[in-house]
Amino acid sequence: MNWNSAAVRQASRTGNYGKVVELARSHRRMTQMQLGAACGLSQSAVSRLEKRGAGPYAMDVLLRISRHLDIPPAMPGLAAPPMGTTKEGECVERRQFLGAAAAIAVAAPALALVEHPLDETEPQAAALRLATTSYRRLDGSTPSRELAEAAHSHLRLIQGLMRTAPAETERSGLAAAASEAASLAAWLAWDMADHGSARAFYGAAIKAARSSMNPLLAAYQTGSLAQFEAHTGNAVQALNLARSARRSLEPDSPPIADAWLSSVEALGHAAAGDRRGADRALTRSRAVIEGSAGEARPPWPWVFAFDESRIAAVRVTCGAKLGLAAWTSGAVHTAAATGHAKQRALLLMDVAAGHLAAGRVEAAFALAGQALETGLRYRSGRIVERGRALRRSFSTSSPSRAVRDFDEQLHGVHL
């Protein structure tokens, strides 16, 4: 396919992305029905898209079709277009923002993100959710302080659109998008150790989820706040919130919802010093995952895949809170296989706490030093505070070399 041909360039330059799709499909000798079947769309949906001309497009639909047809992201507006090629009256910055977000999603498939169902009836909300997903991907490789301002602007944009939406169905879809964006803002605030803002954003996420009339989303956001409270040591609030999240679930909710909430309850019990309660909750979480093996992956908003490796990571964190070396020993490989760099660093701090509980001081502070190095690189207040808490838990009149090195890393750190 010659992407520099006059026909392709003219269609792309004028925003007629349906024509770009049609040309690519014809070059591949595919029918509309074949393309639709491959991308989860009907033949009529593909036909409408190809005939849409310079009208608005659902970015997630274009993303899926472009992946299948190997269309360069810039051709259907999924990457920032050259200056001067936007349609008259359309905001250049907004198109570049959404296009860049989609391009990030194309280029960064490393996180095991669960795809949400495509919805042609709400292209605006779908594009906004796609942008939120892209920011979540960036969180793994970008300091939260650099993402926060853009994430806050993104949330304000959604909230403004929600207030002016003419129809209830549009407001509901935008409320769901606002909930996920607020949850991301809360996560970034948490990473910056700004707990007050994190709570406020999680509260906004829960409120928006309820406005969206999506019980699964409401349970997810309430459970996310419960998880935050458990990690910050507020056991009573964590367990109360987890129970509230369960009440939001419907009988036909996916099993992963039960498994994930059980892991959150385990963290709450661990924060309360209840080993038996934590063990029971972890056992239930594992049993649900094993019993649901082979089922379809859960729908959005369950953003990250939740499996036995995630449960193992939660067990390590519970062990660190309970001071149980047996739950954390030998878990370095679990940390190495967990999430992105900041998540791995947090789990390494938990493993270090386990070593310290077992009296293995050198190993504890060697691992904590590795984790702290990541925290300083990404300017993560959450990781740094975990390091400080670990250091406060250990006192000696003659610190070893590993402890002195750790103190030197922490000295003068102001994020």
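The values are calculated or read from the model by the stated rules, or taken from the named source; none is laboratory data. Keep in mind that what you see is a predicted model, and the values were worked out from it rather than measured. Cβ placement follows ideal geometry from the backbone for every residue including glycine, while neighbour counts extend to all protein chains displayed. The accessibility values were calculated without ligands, DNA or RNA, using every heavy atom of the protein model including side chains. Shrake-Rupley method; radii C 1.70, N 1.55, O 1.52, S 1.80 Å.
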Members of segment 396-415 that are of a type in the set (Gly, Ala, Ser) and either assigned to a loop (DSSP other than H, G, I, E, B) or open to solvent by 70 Å² or more (accessible area, probe 1.4 Å) (or both): Ser397, Ser398, Ser400, Gly412
Give the number of residues within segment 1-13 that are more than 11 Å from Gly77 (Cβ to Cβ) and either under 33 Å from the mean Cα position of the chain (by Cα) or in a loop (DSSP other than H, G, I, E, B) (or both). 5
Surrounded by fewer than 24 Cβ atoms within 10 Å (Cβ to Cβ), free of Cβ contacts under 8 Å to residues at least 24 places away in the same chain and under 23 Å from Ala320 (Cβ atoms): does that describe Asn240? yes
Wholly inside segment 115-229, helices (runs of 4 or more DSSP H) that include 3 or more residues that are of a type in the set (Lys, Arg) and buried (at least 17 other Cβ atoms within 10 Å of the Cβ) are 123-139
Those residues that are more than 13 Å from Ala341 (Cα to Cα), open to solvent by less than 60 Å² (accessible area, probe 1.4 Å) and either among the hydroxyl-bearing types (Ser, Thr, Tyr) or assigned to a loop (DSSP other than H, G, I, E, B) (or both), I need them from segment 354-395; list them, please. Ala358, Gly359, Phe394
